[in-house]
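These notes are about the structure you will find just below.
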Amino acid sequence: MPREDRRAIGHRIRMLRERRGFTRDELAARVGVHAGSIARWETGGSVPHAYTLERIAEACGGGTEWIRTGRSETGAETAAPNGEEEARDVFASLDAVARFVEGIAPPGQERFRKLDALEGLRRMLTARGRLPDWWYTLKERVDNGEL
């Protein structure tokens, strides 16, 4: 399996885990694996077996097809379940948060300050129980110097 596919699967596993508010240790205990395995999967070092993917999906409330491909069981592109509605309570949209991050410094500058702001946002959102997909999009844009 290509590295990019492994990383995408790992990214979706991490999104589900964080949305449920689980640490790697907590998810590992629920799935019956070592926390190091969770870390390896989330970073794209390897991919869990099909049975383990089912256990992850069950523990986190997602679908195995979504974890594998990013598509729902019906084949439509979809986001991870839940989260978007609750996040709207806090921020109007991805654009509103992006403008906030852009206000810290011009694109590509003050990357660590922007990541710190996003980390604070992540903590606040996960404390509410859900982390929306747009948070990951925003973090990637900061990492790539686009914001």
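The values are calculated or read from the model by the stated rules, or taken from the named source; none is laboratory data. Since the structure is predicted, the reported quantities are computational estimates derived from the model, not experimental observations. Cβ coordinates were reconstructed from backbone atoms using ideal geometry, including for glycine residues, and neighbour counts include every protein chain displayed. The area values use the complete protein model at the heavy-atom level, side chains included, leaving out ligands, DNA and RNA. Shrake-Rupley method; radii C 1.70, N 1.55, O 1.52, S 1.80 Å.
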* Members of the range 46-64 found to be under 16 Å from Phe22 (Cβ atoms) and not aliphatic (A, V, I, L, M), listed by number -> Pro48, Thr52, Arg55, Glu58, Cys60, Gly61, Gly62
* To do: Search the range 42-69 for residues that are under 14 Å from Gly10 (Cα atoms) and pair each with any residue that is among the aliphatic types (A, V, I, L, M) and assigned to a loop (DSSP other than H, G, I, E, B) when their beta-carbon atoms are under 8 Å apart and the residues are at least 6 apart or on different chains.
  => Val47/Met1; Pro48/Val33; Thr52/Val33; Gly62/Ala80; Trp66/Ala80
* Would you say Arg68 is modelled with pLDDT of 85 or more and within 25 Å of Asp5 (Cβ to Cβ)? -> yes
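What residue, of Leu16, Leu27, Leu53, is more than 25 Å from Leu121 (Cα to Cα), among the hydrophobic types (A, V, I, L, M, F, W, C) and open to solvent by less than 20 Å² (accessible area, probe 1.4 Å)? Please lay out each step first, then the result.
On the way: Leu16 fails: more than 25 Å from Leu121 (Cα to Cα); Leu27 fails: more than 25 Å from Leu121 (Cα to Cα).
None of the others qualify; the one that does is Leu53.
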